[in-house]
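K.L.:
If you scroll down you'll find the structure; I have some questions about it.
The values are calculated or read from the model by the stated rules, or taken from the named source; none is laboratory data. Fair warning: this is a prediction, and the values are worked out from it, not measured in the lab. Neighbour counts run over all protein chains shown; Cβ positions are idealised from the backbone, glycine included. All accessible areas refer to the heavy atoms of the entire protein, side chains included, with ligands and DNA or RNA removed. Shrake-Rupley method; radii C 1.70, N 1.55, O 1.52, S 1.80 Å.
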Amino acid sequence: MDQQMMRDFSEDLTKLAAAEDNPETSVFTKTGMHFPWLQKHVEAVVTGGKRKKDFAQTTSACLSLIQEALLKHQWQRAAECMHSYLQTLEDSDTYKKQAAPEIIWKLGSEILFYHPKSNVETFNSFADRMKNIGVLNYLKLLISLQHALYLLHHGMLEDANRNLSEAETWRYGEKSSSQEVLINLVQAYKGLLQYYTWSRKKMELSELDEDDYAYTAKTRTMLSQSCKTSTNICALIKTPGIWDPFVKSYVEMLEFYGDHDGAREMLTNYAYDEKFPSNPNAHIYLYEFLKREKAPRAKLISVLKILHEIVPSHTLMLEFHTLLRKSESEEHRKLGLAVLFEVLDFAGCTKNITAWKYLAKYLKNTLMGSHPEWVEEEWKSRRNWWPAFHFSFFWAKNDWKADADLACEKAFVAGILLGKGCKYFRYILKQDHKTLKKKMRRMKKSVKKYTIVNPGVHT
């Protein structure tokens, strides 16, 4: 059966690599490879002596060429090499022969997914053959799951669901831990498809009158659908891992049916259970849920504090700053300043005008509140690199040309931190802009009064 599969898949690869416009220039000939030296080795395979060594060298060379072609997105070249690599299914080395199907599946599915001449029919044919060549249960599950994801990618939801249902019905024998996770994953993806149906009915429900019979019927159907979804998803999300789409779907259904305690417990465990890997999204989901629940500010701060430790440049850090700024705790207000500096430490945030506005305003308020030591503490570690990173003459010209409002906010911060002699501050101050003229005059006065370079008395 392995040999038949090999011949069938070789034919598929040959069709993919054939040049439609000019058959004579096909990368394949009837006898196989375009690489004469490689084909010579493959055709010389026997089970003993030097030729056995040649076989091992040839398959190893094939694998290296395929990997190189995949990295360079040379799908046709990868198909050429794959044509010969299929010979590993006949390897006399038992270990290599057992490992071959998984390697062939991973490489072959990658080629068929991206090859410009591939189609759904070809991929389906390959996946079905691979499931039926006596592969281990683990691999059979893996192939079925990835096949279903391929079908989902092409919008074939019913086919994907059928594929997952078939995988669920197999008799597995004794389950390994890795196989257990795959089984849960197969069931969870079934749950995700059921969630999709539930979500669609939820949208339809919003358009109906509550007194309508159709409303009652759809509600009953949705409840039944949600029970199936919960059953399919629950086992997976209790297993340590990153299960974002499954958790979000499950929580949405719990909230819809009013089980807010269940949703909170699920999200809290997902975020804080030490068995689960560190995951910024887990804290984001918990924060968004608590916001919807109108949780106390202290609770919101505690969630975002962990997110800040993991991703200090996240867009929610500006909300975090706002919460800290409004806190009565002096420790929180001090952290609010550090949060803004840390956001602007990242190259992806350098043009974030909101961050610069917040920093400009908060610097002034902090200095007015007689806390220059907070500013000094943050500036100490940035003094040697922020001037070139943010406040060079080049950036002054570039920022003014791209966004005058951004340039003004940055100029104020530059003046506070580097003094009125700063190149960035001086360049922006010299620009002629009618709308911003008053703002620039106020900025000049504030910088003179509050700069931490030879500062005067702060009031």
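K.L.:
Any idea how many residues of segment 308-332 are part of a helix (DSSP H, G or I), within 22 Å of W374 (Cβ to Cβ) and open to solvent by less than 70 Å² (accessible area, probe 1.4 Å)?
P.N.:
Count: 10.
K.L.:
Quick one: H433 ticks every box in (1) part of a helix (DSSP H, G or I); (2) open to solvent by less than 100 Å² (accessible area, probe 1.4 Å); (3) not β-branched (V, I, T) except a single one, so which number is it?
P.N.:
Single failed check for H433: (1).
K.L.:
Within segment 104-129, take every residue that is in contact (Cβ under 8 Å) with a residue 12 or more places away in the chain, outside any helix (DSSP H, G or I) and not small (G, A, S) and give me the one that is nearest to L164 (Cα to Cα).
P.N.:
So the residue we want is H115.
K.L.:
Do you know which of the residues in segment 206-242 that are in contact with a helix residue (DSSP H, G or I) (Cβ under 7 Å, 6 or more places away or on another chain) and under 23 Å from E293 (Cα atoms) is modelled with the lowest pLDDT?
P.N.:
Here the answer is S226.
K.L.:
Out of all the residues in segment 336-346, which are over 15 Å from L323 (Cβ atoms) and free of Cβ contacts under 8 Å to residues at least 40 places away in the same chain?
P.N.:
Listed by number, the residues that qualify are E342, D345, F346.
K.L.:
Which of the residues spanning segment 274-291 are assigned to a helix (DSSP H, G or I), touching a residue at least 12 places away in the same chain (Cβ under 8 Å) and of a type outside the set (V, I, T)?
P.N.:
Residues satisfying the conditions are P280, N281, A282, H283, Y285, L286, Y287, F289, L290.
K.L.:
Which residue is most open to solvent (accessible area, probe 1.4 Å), if the candidates are limited to segment 403-430 and must be within 17 Å of K351 (Cβ to Cβ) and touching a residue at least 40 places away in the same chain (Cβ under 8 Å)?
P.N.:
Filtering segment 403-430 for residues that are within 17 Å of K351 (Cβ to Cβ) and touching a residue at least 40 places away in the same chain (Cβ under 8 Å), the one most open to solvent (accessible area, probe 1.4 Å) comes out as D405.
K.L.:
Going by what's in this entry, would L300 be described as over 24 Å from L185 (Cα atoms), open to solvent by less than 40 Å² (accessible area, probe 1.4 Å), of a type outside the set (G, A, S) and in contact with a helix residue (DSSP H, G or I) (Cβ under 7 Å, 6 or more places away or on another chain)?
P.N.:
yes
K.L.:
Follow-up question, since we're still on this one. Mind checking whether some residue in segment 353-372 is of a type outside the set (V, I, T), more than 15 Å from L318 (Cβ to Cβ), touching a helix residue (DSSP H, G or I) at 6+ places or on another chain (Cβ under 8 Å) and open to solvent by less than 10 Å² (accessible area, probe 1.4 Å)?
P.N.:
yes
K.L.:
Additional query: I'd like to check something: does segment 139-150 contain any residue that is open to solvent by less than 60 Å² (accessible area, probe 1.4 Å), in a helix (DSSP H, G or I), of a type in the set (S, T, N, Q) and within 27 Å of W75 (Cβ to Cβ)?
P.N.:
Looking for residues that are open to solvent by less than 60 Å² (accessible area, probe 1.4 Å), in a helix (DSSP H, G or I), of a type in the set (S, T, N, Q) and within 27 Å of W75 (Cβ to Cβ), one finds at least one in segment 139-150, hence yes.
K.L.:
Could you check, for segment 151-164, whether at least one of its residues is open to solvent by less than 10 Å² (accessible area, probe 1.4 Å), of a type outside the set (G, A, S) and in a helix (DSSP H, G or I)?
P.N.:
The answer is yes; a qualifying residue exists.
K.L.:
A further question follows. Kindly check whether there is at least one residue in segment 87-97 that is within 17 Å of H147 (Cβ to Cβ) and of a type in the set (S, T, Y).
P.N.:
no
K.L.:
Please go through segment 249-273 and give me each residue that is assigned to a helix (DSSP H, G or I), open to solvent by 60 Å² or more (accessible area, probe 1.4 Å) and hydroxyl-bearing (S, T, Y), ordered by number. Show your work before the answer.
P.N.:
So the first thing to find is which residues in segment 249-273 are assigned to a helix (DSSP H, G or I), and the list is 249-256, 260-272.
Imposing the further condition that a residue be open to solvent by 60 Å² or more (accessible area, probe 1.4 Å) reduces the set to 256, 260-261, 264-265, 269, 272.
The answer is Y272, and nothing else.
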